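Just so you know, all these numbers are worked out from the coordinates, no wet-lab data involved. Every value quoted in this text rests on a predicted model; they were computed, and no experiment measured them. Positions of Cβ are generated from backbone atoms using ideal geometry, with glycine treated the same way; all protein chains shown enter the neighbour counts.
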Amino acid sequence: MGPGRFARFWRVAAVGFVWLGCDDLFTLHERIDRGVHVLLGWDPDDPVTDHLDDLIVAAYGLVALMLAFRYRVELARLTWMHLVLGIAFGLFTVMVVADFLHWPKALEDGLKVLAGTTILVGFLAARLQLAVLGLARRPTFVAYAYAWRGQ
Amino acid sequence: MTFVERMIGAAKLDTRVYEEVEADQSATPQALAVVVLASVAGGLGVGAGVSGIVAATVAGLVGWAIWAWLIYFIGTRWLPEPGTQADIGQLLRTMGFATSPGILRVVGLVPILGPIAFIVTAVWTLVTVVVAVRQALDYSSTGRAIGVCLIGWLVQVAILLLIGAIVRR
């Protein structure tokens, strides 16, 4: 396992996140859903084909799982990222509970911001731990600090 | 402006946000939510457990209320400017949103970065609080706002130390 192989994972993941961002911004999967219905002449209100957009989202998840499985050995070493993303997942769960129980909207929105920030921190943690593990092309000051602390 | 836009604007020292939340009486629960979230982020950042996060949140809320009241008192009674017109709600709202940068304390989850995150967010929050106080108290002088914040902070620390000493007994 070297930096080159794992770098491919991050490149693919980066493209995936850009796609997800565009999807959210331009409602791509809903547009694909409508486009397929128009192209194939399907009834947009058909109870079966109406869930095509859900299928597209599920396909995103499947691709992400396949990618994670392919690089599972490298990903298993990023313990800092596991911890931070685990907390982000917990915050999202609380956010869903807040929505379900009709807690104040400000708290729900705030939790969304905190969870989103925590996800970004998770990727920062991954980047920094990669350097500590010697799997990054360029070291970071955290790697130097770690070496200095003798950990 | 949405709640999230207000939080980002407050962190970016956007004076329009502070003027808006100062005038919006319905924004007090939003300000409370910002204080809670910043406290939760701080608790997570230091690796505290659930009880630690709850304690940090309670301390954050108490500190917010005490500091806002002190600044209201000092700013409107001792050091007002001719145009100063404020109530405690305005101070609570603007100062609550001023704690928005505290959410970045969650960066402390990453080893080594904790102390850096805390120093950066502490300084950042100090600056946002000064802007919040300046806008809420309708000051034209930033120096006066800094003075009021400093006096308020010193009195707050003294009160908290006193409470701490009483609790320890």
Which parts of the range A:55-69 would a label at A:R5 reach, counting a residue when its backbone N lies under 17 Å from a point 7 Å out along Cα-to-Cβ? A:67-69
Plugging the Kirkwood radius over Cα pairs into Stokes-Einstein for the range B:89-138, at a temperature of 10 °C and a viscosity of 1.306 mPa s, what D comes out in µm²/s? 140 µm²/s
Using +1 on the beta carbon of Lys and Arg, -1 on that of Asp and Glu, and nothing else charged, what's the dipole of the protein assembly as shown about the Cα centre, debye to 20? 1980 debye
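Sort A:C22, B:C149 so that the residue with the fewest other Cβ atoms within 10 Å of its own Cβ comes first and the one with the most comes last. It would help to have the intermediate numbers written out before the result.
Working: A:C22 11, B:C149 22.
In increasing order of surrounding Cβ atoms, one gets A:C22, B:C149.
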For peptide B:35-48, compute the average count of partner chain beta-carbon atoms within 10 Å of each residue's beta-carbon. 3
Provide the descending list of Cα extents for chain A along its principal axes, expressed in whole angstroms. 65, 41, 22
What percent of all Cα-Cα pairs in the range B:1-90 falls in each 10 Å bin, counting up from 0? 16, 38, 34, 11, 1
In degrees between 0 and 90, to the nearest 10, how far off the longest principal axis of chain B does helix B:113-136 point, with axes built from Cα atoms? 20 degrees
Which one of A:L130, A:V96, A:T118 is farthest out on the positive end of the charge dipole of the range A:11-136, using unit charges on Cβ (Lys, Arg +1; Asp, Glu -1) and the Cα centre as origin? A:L130
With bins of 10 Å, the percent of all Cα-Cα pairs of the range B:40-145 per bin from 0 is 16, 41, 27, 14, 2
Could you go through the range A:9-20 in sequence order and give the Karplus-derived ³J(HN,Hα) for each residue, using 6.51 cos²θ - 1.76 cosθ + 1.60 with θ = phi - 60°, rounded to whole Hz, and x for Gly and Pro? 4, 5, 5, 5, 4, 4, 4, x, 5, 5, 4, 4
Output field shielding_mean for B:110-117 (other chain Cβ, 10 Å radius) holds 6
For A:V38 and B:W78, what does the FRET efficiency come to when R0 = 51 Å and r is the distance between their Cβ atoms, rounded to the nearest 0.05? 0.15
Taking θ as phi - 60°, what are the ³J(HN,Hα) couplings along the range A:121-137 by the Karplus curve (6.51, -1.76, 1.60), each to the nearest whole Hz, with x for Gly and Pro? 4, x, 6, 4, 4, 4, 4, 6, 6, 4, 5, 4, 7, x, 9, 9, 5
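Please give the charge dipole size of the range B:56-169, origin at the Cα centre, charges +1 on K and R Cβ atoms and -1 on D and E Cβ atoms. Round to the nearest 20 debye. Could you put the intermediate results ahead of the total?
Working: 7 positive and 3 negative charges, 61 e Å.
The calculation lands at about 300 debye.
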Could you check the simple spin-label distance between B:K12 and A:R137, using points 7 Å along Cα→Cβ, in nm with one decimal? 3.2 nm
Span per principal axis, largest first, for the Cα atoms of the protein assembly as shown (Å): 72, 59, 38
Specify the inter-centroid distance of the range B:39-69 and the range A:28-46, based on alpha-carbon positions, in whole Å. 49 Å
Within 10 Å of each residue's Cβ, count the other Cβ atoms and sort B:I159, B:I112 from fewest upward. B:I159, B:I112
Describe numerically, in nm with one decimal, the distance between label points set 7 Å from Cα along Cα→Cβ at B:L150 and at B:V62. 2.8 nm
Could you give me the ³J(HN,Hα) list for the range A:41-55, computed from phi with Karplus coefficients 6.51, -1.76, 1.60 and θ = phi - 60°, whole Hz, x at Gly and Pro? x, 7, 6, x, 9, 4, x, 7, 6, 4, 8, 4, 5, 5, 5
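How would you order A:124-135, A:53-64 from highest to lowest mean count of nearby Cβ atoms within 10 Å? Provide the component values of the computation, followed by the final result.
On the way: A:124-135: 20.3, A:53-64: 12.6.
Going by the mean number of other Cβ atoms within 10 Å, highest first, we get A:124-135, A:53-64.
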Based on the alpha carbon coordinates of the range B:43-89, what radius of gyration and maximum Cα-Cα distance (Dmax) apply, in Å? 15.8, 48
Could you tell me how many cubic angstrom of Cα convex hull volume the range A:1-66 has per residue? 90 Å³
